[in-house]
Structures are given as C-alpha cells and as structure tokens.
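Here the structure comes first, spelled out in structure tokens, and everything after it is commentary.
What follows draws every value from the coordinates through simple rules; no lab data is involved. For clarity, every value in this text was computed on a predicted model and none was experimentally measured. All Cβ positions, even for glycine, are placed from backbone atoms using ideal geometry, and neighbour counts span all protein chains on display.
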C-alpha cells in the first residue's frame, strides 16, 4: 500500500483490481476522497490507497526511464541520465545507494520504490521523471 500523501501526478505504481495487478501512471488525484486515477494498459480508473502498491526500484525500472548503466571495476554500478546520477556500491543491491544532481546529493540507506525515485528526481531537477 502506498501513502496517498506520497503520490504525485505522473508517478508509476502498481494497482490491483479484481485480483489482477497492473502497472500504471497516476494521471489525477482526488484529495477530498483520497483516490488516485491511474492509467493502465486497460483503462483509467480511480483507486483507493489500499489498491495502490509501490514498485521496487530495480535495474529494469531504471532502464525504462532511460538511465544508462555503467559497471565500474570495483563492483559498483552507476546509472546516468543527463546530469542525474545513481551510484550503487554493490551491483544490483538497491538497499543503500547515493544519488546526486549537481550539488544536491542524497544518501538512501534503505530500498526505495519507483514513485519515490520519481519524487526525489522532481525535487532535485525540477523536471518529472517520465518513461
């Protein structure tokens, strides 16, 4: 379940309807009823927070956003998108890493989800991270 207060238009999340889970993009937010309209391959539909789930950040997800992967000789991996960088000290371990954009550096000491990365990216670059 995702906290409604964490959601922003454009965030990529997973939603569940009638037992089926689908990945989609938040296209509208209803702050009164705390519902998010999510566009999936099938349709646009309003979901409550208990039907919305975070997608774990992974190599596959970063590639969907257009990040370039560079493996370093010391076993670390750097992902690059324009001037934005993510550095994993250990290959494919997203449990602790560093991200930066120009002089803004952030250290993540726990795994984050795709929508959380999108929110950090927006705060740091003032541009929404889209697929």
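For the range 4-53, what D do you get in µm² per second when you plug the Kirkwood radius from alpha-carbon pairs into Stokes-Einstein at 20 °C and 1.002 mPa s?
Details: Rh = 10.5 Å.
Approximately 205 µm²/s, per Stokes-Einstein.
Per-residue packing, averaged as other Cβ atoms within 10 Å, sorts the ranges 60-68, 83-91 into the order 83-91, 60-68, beginning with the highest. Extent of the range 18-104 along its three principal axes (Cα atoms, max minus min coordinate, largest first): 48, 30, 21 Å.
Highest mean first, how do 2-11, 16-25 rank when packing is the count of other Cβ atoms within 10 Å averaged over residues?
Working: 2-11: 16.2, 16-25: 13.0.
Packing order, densest peptide first, comes out as 2-11, 16-25.
Between helix 114-125 and the chain there is an angle of about 60 degrees, using the helix long axis and the longest principal axis of the Cα atoms. How large is log10 of I(q)/I(0) for the range 59-125 at q = 0.22 Å⁻¹ when the intensity is taken from the Debye formula with one equal scatterer per alpha-carbon? The computed values of log10 I(q)/I(0) come out as -0.96.
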